[in-house]
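Take a look at the structure set out below.
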Amino acid sequence: MREYLESDIGFYYAVGVFMIAVYVVGMVAFAVISPGSVGTVELVGLSGGFLLFMLVYFISISVQRLEDGDGI
């Protein structure tokens with residue numbers, strides 16, 4: 001595990017997974033605390049925006065790998 005995190009790309013992937021985990025835990029906590037507050041429209045908007053953000057994040061990691069010559 002330590003070897004994986006010592007590389008830049010491995011660290012970026014770990015940060016991405018951490019961001020996904022924080023989002024999921026936050027949404028679950030929000031749904032438990034106030035179940036009536038999150039409607040379908042809000043959930044679709046929040047999740048759609050977050051998924052677009054994560055897509056761009058992981059695409060940028062792939063581009064960096066290509067620049068470094070690591071391949072995909």
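Here, each number is a calculation from the coordinates, and none is a lab measurement. Not measured: the values here are computed from a predicted model. Glycine gets a Cβ as well: all are built from the backbone with ideal geometry, and neighbour counts include every protein chain shown.
Here are the numbers for the structure shown:
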read-out	value
Using θ = phi - 60° and Karplus 6.51 cos²θ - 1.76 cosθ + 1.60, couplings along the stretch 17-26 (whole Hz; Gly, Pro as x)	5, 4, 5, 5, 5, 5, 4, 5, 4, x
Sorted by Cβ neighbour density within 10 Å, fewest at the top, the residues LEU52, LEU46	LEU52, LEU46
Peptides 32-38, 61-67 ordered by average Cβ neighbours within 10 Å, highest first	61-67, 32-38
Amide H within-cut-off set for VAL38, under 5 Å, with H built and near neighbours excluded	none
For the chain, calculated [θ]222 nm from helices alone, where every DSSP H run of n ≥ 4 adds -39500 (n - 2.57)	-28500 deg cm²/dmol
